[in-house]
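For reference, the structure is listed below as structure tokens.
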Amino acid sequence: MISVLEHLKDHEVRRFAAGDTVLRQGEKTECLYFMIEGSVEVLKDDVKVAKSSQPGVVFGELAALLGESHTATVRAVKPSAFYVVENPKDYLRTSPGACLHVCELLARRLDALN
């Protein structure tokens, strides 16, 4: 997953302190967040459903692809940094490697539910 980060170096970096909210369930940001470093927890209706610290993991993809609000909250557990992609559909249309990365991540998440 780290290789996708090489293609994002020209994008904005946002940093979050431990306890900061990266994405909030029910809000609409229309951005993708690719983790550079750190650790986050994912909460659905204030219940922790996942955690991640893997560089390259992406958040906000469902909302961005479907044009809807975020389905979960992502909160930094320790200081974290993300590359932020605005206009995610345009970016994914023109970046096949990143698009495949997001597809594989979504497939892994779906497979974990099965």
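The values are calculated or read from the model by the stated rules, or taken from the named source; none is laboratory data. Quantities reported herein were computed from a predicted structural model and do not represent experimental measurements. Cβ sites come from the backbone with ideal geometry, for glycine too, and all protein chains shown count toward neighbours. Note: accessible area is taken over every heavy atom of the protein model, side chains too, but ligands, DNA and RNA are not part of it. Shrake-Rupley method; radii C 1.70, N 1.55, O 1.52, S 1.80 Å.
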| Meets criteria (part of a helix (DSSP H, G or I) and surrounded by 13 or more Cβ atoms within 10 Å (Cβ to Cβ)) for Leu106 | yes
| message | Can you find, within the range 55-70, the residue that is most open to solvent (accessible area, probe 1.4 Å) among those that are over 14 Å from Val102 (Cα atoms) and in contact (Cβ under 8 Å) with a residue 40 or more places away in the chain? | response | Glu68
| When only residues in the range 77-114 that are of a type in the set (Asp, Glu) and out of contact with any strand residue (DSSP E or B) (no Cβ under 6 Å at 6 or more places or on another chain) count, which is nearest to Gly38 (Cα to Cα)? | Glu104
| query | Quick check, is Glu27 of a type in the set (Asp, Glu), in contact (Cβ under 8 Å) with a residue 24 or more places away in the chain, open to solvent by 60 Å² or more (accessible area, probe 1.4 Å) and over 14 Å from Val58 (Cβ atoms)? | reply | yes
| query | Do we have any residue at all in the range 71-83 that's open to solvent by 60 Å² or more (accessible area, probe 1.4 Å), farther than 19 Å from Leu105 by Cβ, in contact (Cβ under 8 Å) with a residue 60 or more places away in the chain and assigned to a strand (DSSP E or B)? | reply | yes
| query | Does the range 38-45 contain at least one residue that is open to solvent by 60 Å² or more (accessible area, probe 1.4 Å), in contact (Cβ under 8 Å) with a residue 24 or more places away in the chain and not β-branched (Val, Ile, Thr)? | reply | yes
| note | Checked Arg108, Arg24, Arg93 against criteria (modelled with pLDDT of 95 or more and basic (Lys, Arg)); the one match is Arg24
